[in-house]
Amino acid sequence: MAWSKPNPDDRSDNVEKLQSMVQHTIENIDKAEETMAYADGEERERIAQKNHNREVSIQAMRNEIREEASARESGYEGTEQVHK
């Protein structure tokens with residue numbers, strides 16, 4: 001079996017992808033909050049927990065956006081990932 005060389009690490013559009021992911025997650029939070037108006041107690045609790053998890057994810061994505069933007073500005077020096 002021949003091993004193929006891994007694809008190069010192309011980070012050129014990571015910031016944009018992450019920003020899109022944040023926007024979609026915010027939209028999901030909004031839709032879930034609309035759904036809560038029609039949900040019973042247990043379902044409301046489940047939706048609230050999911051939205052909390054989404055907020056945590058958004059914060060992590062925003063941190064990653066800052067890191068990626070900084071790496072982009074510095075030309076990604078020293079940030080190459082090793083593929084095994």
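Using amide H atoms built in the peptide plane, which far-off residues or other-chain residues are under 5 Å from residue 76 H to H?
Those qualifying (amide H under 5 Å, at least 5 residues apart or on another chain) number zero.
Using θ = phi - 60° and the Karplus curve 6.51 cos²θ - 1.76 cosθ + 1.60, what whole-Hz ³J(HN,Hα) does each residue of segment 4-17 get, with Gly and Pro shown as x?
9, 6, x, 5, x, 7, 9, 9, 4, 10, 4, 4, 5, 4
Given C-alpha coordinates of the chain, what is the ratio Rg to Rh with the Kirkwood estimate of Rh?
1.19
Any read-out appearing in this document is the output of simple, stated calculations on the displayed coordinates, not a laboratory observation. Because the structure is a prediction, the values reported are computed rather than measured.
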